[in-house]
Amino acid sequence: MNRKKISVLVPCYNEEENVQPLSEAIIGQLDELDSYDYEIVFIDNFSTDSTRAKLEAMCAENKNIKAIFNARNFGQFNSPYYGYLQCSGDCVISMCCDFQDPPEMIPKLVAEWEQGAKIVCAIKESSKENKLVRGLRTIYYKLIKKMSEVEQIEHFTGFGLYDRSFIEVLRSLDDPTPFLRGIVAELGFRRVMIPYEQQKRRAGKTSNNFSRLYDAAMLSFTTYTKTPVRFITFFGLFLSLASVCGGIAVGVLAGLSILVDFMPYVLLCVMCFLFGGVFCSIGVIGEYLLTVKSKVTKRPLAVEERRINF
C-alpha cells in the first residue's frame, strides 16, 4: 500500500534566524505522523541575508527538505502560489516562516483532512500581535466581507491544508496575480475551520509594510468587489443632480438679488470638494485598471534561479 505524502510549503524572505528552527519544529511534528512520507519546500523570494546559504546546508543534510530560489522578488502572493504548484504531496500545508503559524497545528490539520475535508483553514481566533493592528485587520475583513460578491473568510491568511484536488484547481486558473484567500472562498471545496492563536514573530523583522498591506487590500477589493465602482457611479449621478438643482437655486436667488458676499467662498469649497471626489474616483478606477493590466499581460508567477533536491 502506497504511503500518503504531506508537503509543507514555507515561503520565506530574509528569514536567516528562522529557517533552521522552523524546519526542525516541522520535522518534529511530522515524525509523530509516522505513517506518512513528507517533503518541506522552502521557496525563497530573493533573500538578501544568509537565508539561502542556510537552506543549502539544510538541503544537503536532509533530502526531504527542498528549496526553490527565485530569480528576484515576485511579491507576497505570486511566490507562495508558485510554490503550491511545485509541491508533490497528496496535500499541501502552507505556513509562514516566522513561527506566527504554530507547527503544532500540523497534526490537527492532517486529522481533519483524513476525515474528508479538502481544505482546512486555520483561523486567527486571537493574536499576540499589536492590538491596534488586530483591530484594523478586523475592520478590513468585515468591510471586504460585506462588499464582496463572494463570502470572504475572516482572519484567514492562507495558513492551512489543501488537498491535491484543490492544488490542481489552482494549477488550472492561469492567473498571473492570484489572491489565494479569495480563491479559497470562491472556488474551494468543502472546508473546515480550525481556530488558533497567532504567535509573535520568533526572530527577525517582518517584511510587511504599508505598501505591501495596501497591495493586499487593493488586490482583494479590485478582484472581488464592485462596490467602489458602483459607489462612484451613483455618487456622480447624485452630484450631477445636485449641481442642476444648485444652478436653478442660484439663478432664482440672483434674480431676487438675495446673493450675499460669502457665496464665492461657498462655491470655492464646493468646487474643492467636487475635485477631491473626482481625483478619488480616478484613483479607485485606476486600481481596477492596474489589476486588469496585470491579469492580461500573462507574465509568469515567478522565475526560478535554481532548485535543490527536486
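Every number here is computed from the coordinates shown, using simple stated rules; none is lab data. Small disclaimer: the values here were computed from a predicted structure and weren't measured. Reconstructed Cβ throughout: ideal geometry from the backbone, glycine too, with neighbour counts over all protein chains shown.
Just a few scattered comments:
- Full-extension gain in nm, Glu104 to Lys142, via 0.36 nm per residue minus C-alpha separation: 10.8 nm
- Summarising the amide proton neighbourhood of Gly89: residues at separation of 5 or more, or on other chains, whose placed amide H is nearer than 5 Å comprise Ser7.
- With Cα atoms defining each centre, the range 1-62 and the range 123-202 are spaced 22 Å apart in the structure.
- Of the peptides 49-61, 27-39, 10-22, the order by per-residue mean of other Cβ atoms within 10 Å, starting with the highest, comes out as 10-22, 49-61, 27-39.
- Ranked by how many other beta carbons lie within 10 Å on average, peptides 78-91, 133-146 from highest: 78-91, 133-146
- For the range 12-51, a simple Cβ point-charge model (Lys and Arg +1, Asp and Glu -1, everything else neutral) yields a dipole of about 120 debye relative to the Cα centre.
- Electrostatic dipole magnitude of the range 89-131 [Cβ: Lys, Arg +1; Asp, Glu -1; Cα centre; debye, to 20]: 160 debye
- Neighbour counts of C-beta atoms inside 10 Å place Met105, Met95 in the sequence Met105, Met95, starting with the fewest.
- Beyond 18 Å in Cα-Cα separation lie the following of the pairs Lys5/Lys108; Lys66/Lys124; Lys5/Lys63; Lys66/Lys298; Lys131/Lys200: Lys66/Lys124; Lys66/Lys298.
- Contact order relative to length of the range 1-151, as percent, for alpha carbon pairs under 8 angstrom and 6 or more apart: 30 percent
- Positive minus negative residues near Trp113 (Lys, Arg vs Asp, Glu; Cβ under 14 Å): +3
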